[in-house]
Amino acid sequence: MNDERILVGFDGSDDAAVYKLTDELAIINTLDFFTPMDDDPYVFGQIAAANSLSDVYAMGGEPLIALNIVCFPCSLSMEVLGEILRGGADKVLESGAVVAGGHSVDDPEPKYGLSVTGVVHPDKVWRNTGAQIGDVLILTKPIGTGIMNTAMKGALLSEEQRGELILSMSTLNKYAAEAVKVSGASVNACTDITGFGLLGHLLEMAGGDVTAEISASKVPLLTGAQEMIRMGIIPAGAYKNMDYVKPRIRVDDGAEIYALCDPQTSGGLVFAVPERDADKAMEKLSHISVFAPHIIGRVIEKTEDTGIIVKK
């Protein structure tokens, strides 16, 4: 169904839907939920909420209201559910939005997330396509959450590594999005890095019109992720992502792509900004963001059927 008020819908692989209400106001709608990745229910609630809110920030918007989505077995203690919801509510409060209800069902496997509504100016929507030749690619969080979550399930992480992993997944992309806005940098494309991995989401950003050229050595990894890769601690999703992107990427000799295909939970944002704006975006990100931003590559003219070139 065609409706000119739908600014972002089924036509692409964007992070959320955007519906124009007036010439100065559009609403963003998104939802996401998943199974626990940490034994601490409060931490799980925080991470799930941060992940759900991320789609609004990836579109350049501000979240206003959230509804809980809960699947929970009656056999488990309601105290556990209370902690999950408390974690989610605290993270929503941090975002500036409010939790205003939700829905729950009895399910043998716990799941939690949010349906989030946000707002954005119709002319200031960030889409995950539209990167321009000459743009610089900025990544706002280290990657490797899939690898490190797999290692955590095997009790292979130190307390420091677990702490960094949880901090990464529970940190709102609010701060990175606000930093880029405050910097005044133009944003030609933006996406958050989630289940398709860095390379999968960069392919979306290239959109078949340009090629993203990145340096694997410049992509930040969570502490210990490279060691886990050498040990063979690689989630099945990484292999699936690798199979998906391989036909459309070119990898230089010596460049490793396991981490670049790692499915992320509540990953960071990737911005495509004009080179002239890169310094001011990086400056604000460095002062406001929880994690150090990294320039990981650039956008070049389309190279045959290649969406991404991975250099060493």
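The values are calculated or read from the model by the stated rules, or taken from the named source; none is laboratory data. All values reported here derive from a predicted model rather than from experimental measurement. Glycine gets a Cβ as well: all are built from the backbone with ideal geometry, and neighbour counts include every protein chain shown. To get the accessible areas, we keep the full protein, side chains included, count just its heavy atoms, and leave off ligands, DNA and RNA. Shrake-Rupley method; radii C 1.70, N 1.55, O 1.52, S 1.80 Å.
Model label sites at ASP23 and LYS311, defined 7 Å from Cα along the beta-carbon direction, differ in position by 4.6 nm. Overall shape: oblate for the stretch 78-234, with the ratio a/c of the largest to smallest alpha carbon gyration tensor axis at 1.5 or above and b/c at least equal to a/b. About its Cα centre, the dipole of the chain is roughly 460 debye, where the only charges are +1 on Lys and Arg Cβ and -1 on Asp and Glu Cβ. Sequentially through the stretch 70-76, phi angles give Karplus couplings (6.51, -1.76, 1.60; θ = phi - 60°) of 10, 10, 8, x, 5, 6, 8 Hz, Gly and Pro residues having no value and appearing as x.
Tell me which DSSP H helices of the chain clear both cut-offs, 15 Å or more of axial length from alpha-carbon atoms and a mean Kyte-Doolittle hydropathy of at least -1.0.
On the way: long enough: 41-58 (26 Å, 0.56); 78-95 (26 Å, 0.20); 159-170 (16 Å, -0.54); 275-288 (20 Å, -1.18).
Membrane-span-like by this criterion, though nothing is claimed about a membrane: 41-58, 78-95, 159-170.
Here each label is just a point 7 Å from Cα along the line to Cβ, and for THR303 and ASP243 those points are 2.6 nm apart. What a 1.4 Å probe finds exposed on the chain is 52% carbon and sulfur by accessible area, rounded to a whole percent. In a reduced charge model with +1 at each Lys and Arg Cβ and -1 at each Asp and Glu Cβ, the stretch 170-259 shows a dipole moment near 140 debye about its Cα centre. Listed peptides 59-67, 226-234 appear in the order 59-67, 226-234 once ranked by packing, highest mean of other Cβ atoms within 10 Å at the front.
Farthest toward the positive end of the dipole of the chain, out of ILE295, ILE28, ALA50, is the Cα of ILE295, where the dipole comes from beta carbon charges about the Cα centre. Computing FRET efficiency as 1/(1 + (r/R0)^6) for SER13 and GLN132, where r is the C-beta to C-beta distance and R0 is 25 Å, gives about 0.85. Would you mind classifying the chain by shape? Square roots of the alpha carbon gyration tensor eigenvalues, ordered a ≥ b ≥ c; an a/c under 1.5 is rounded, otherwise it is prolate if a/b is larger than b/c and oblate if not. The shape class here is oblate.
May I ask which of LYS153/LYS246; LYS240/LYS302; LYS124/LYS181 have a Cα-Cα span longer than 21 Å here? Those over the limit are LYS153/LYS246; LYS240/LYS302.
A Förster radius of 25 Å combined with the Cβ-Cβ distance from LEU156 to MET78 puts the calculated FRET efficiency at roughly 0.20.
Ignoring everything except DSSP H segments at least 4 long, calculate the 222 nm mean residue ellipticity for the chain; use -39,500 (n - 2.57) per segment, divide by total residues, nearest 500. Write out the running numbers ahead of the final one.
Details: 9 runs with 107 residues, N = 312.
Mean residue ellipticity at 222 nm (helix-derived): -10500 deg cm²/dmol.
Between the beta carbons of ASP39 and LEU67, assuming R0 = 35 Å, the FRET efficiency works out to 0.85 to the nearest 0.05. The residue among SER215, THR171, CYS190 whose Cα reaches farthest toward the positive pole of the charge dipole of the chain, with charges on the beta-carbon of Lys, Arg, Asp and Glu, is SER215.
Place the peptides 22-32, 138-148 in order of packing, highest mean first, counting for every residue the other Cβ atoms within 10 Å and averaging per peptide.
Details: 22-32: 16.5, 138-148: 27.0.
The packing order, highest mean first, is 138-148, 22-32.
Bridging of LYS91 to aspartates and glutamates at a Cα separation below 20 Å is possible for ASP15, ASP32, ASP38, ASP39, ASP40, ASP55, GLU62, GLU79, GLU83, GLU164, GLU178, ASP192, once same-chain residues fewer than 8 apart are set aside.
Tell me, in nm to one decimal, what length is gained between VAL182 and GLU283 on full extension, where the rule is 0.36 nm per residue of separation less the Cα-Cα distance? Can you show the working numbers first?
Details: separation 101, 0.36 × 101 = 36.36 nm, distance 1.06 nm.
That works out to 35.3 nm of additional length.
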